[in-house]
Amino acid sequence: MSFILPELPYAYDALEPYMDALTTEIHHDKHHAGYTKNLNAALEKYPEFFDKSIEEILTDLNSVPEEIRTAVRNNGGGYYHHNLWWVELGPNAGGEPNGKLADAIKKEFGDFESFKQKVNSAALTRFGSGWAWLSKRSDGTLIIHSTPNQDSPLSQGLIPLLGIDVWEHAYYLKYQNRRNEFVDAFWNVVKWDEVERRFEESTLP
């Protein structure tokens, strides 16, 4: 069974004024849809991979035949990362995390403002296209890092908890070249309960 584009869990304008409706529509209906279509096309010659989850595939890219591995890394990463992107965002969100995640952030990075500055730095220093991440190691500790293009933390043995998409398609219509303003605005739409759920429940395949 082929991979399916998840429906956007809110209206296109739900993230206004921080993320504009047109960007959200294009980002989901064109870019996310494109990654989904291209991932399915890449796997058509090896349909046994449709029996695996996208997490399983990205965690073990070496098991993917070499002739399609790059396409699966790029489009599978784009598919999976955007699946996370839409559910980690929402209207009437923002603020700070609570519970065990807040405790882990404080232990690893200091107070919340220090944590935000470190994530922002990862997003702003990622050259070209890519993502900034808060990820969980297999031992439960946290790491802030970035990846180029659609390379996935899963392929590095990490579990992505929170990502900032710094491909220009994520922000250019509203913010043009002002990536810093987009990154600042991002924090107003983070659904911390979803990030906390991933922290507590998610494991590597």
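Each reported figure results from applying straightforward, stated rules to the coordinates on display, with no laboratory input. These numbers come from a predicted model, not from an experiment. Ideal geometry is used to build each Cβ from the backbone, glycine not excepted, and the neighbour counts take in all protein chains shown.
The figures follow:
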| item | result |
| --- | --- |
| Residue count, the stretch 109-124 (criterion: touching a helix residue (DSSP H, G or I) at 6+ places or on another chain (Cβ under 8 Å) and farther than 24 Å from Trp167 by Cα) | 2 |
| Of all residues making up the stretch 100-135, the number that are among the aromatic types (Phe, Trp, Tyr) and in a helix (DSSP H, G or I) | 3 |
| Pairs, first closer than 11 Å to Ser146 by Cβ in the stretch 105-127, second assigned to a loop (DSSP other than H, G, I, E, B) and of a type outside the set (Asp, Glu), C-beta under 6 Å, six or more apart | Ala123/Val166; Arg126/Val166 |
| Residue within the stretch 176-192 that is part of a strand (DSSP E or B), of a type outside the set (Gly, Ala, Ser) and closer than 16 Å to His82 by Cα present | yes |
| In the stretch 153-197, residue surrounded by the fewest Cβ atoms within 10 Å (Cβ to Cβ) [restricted to those that are in contact (Cβ under 8 Å) with a residue 60 or more places away in the chain and among the charged types (D, E, K, R)] | Asp184 |
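Conditions tested, residue by residue: (1) without any contact (Cβ under 8 Å) to a residue 24 or more places away in the chain; (2) on the phi < 0 side of the Ramachandran plot; (3) basic (Lys, Arg); (4) surrounded by 16 or more Cβ atoms within 10 Å (Cβ to Cβ).
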position	(1), (2), (3), (4)
Asp20	no, yes, no, yes
Ala33	no, yes, no, no
Leu39	no, yes, no, yes
Leu43	no, yes, no, yes
Phe49	yes, yes, no, yes
Ser53	no, yes, no, no
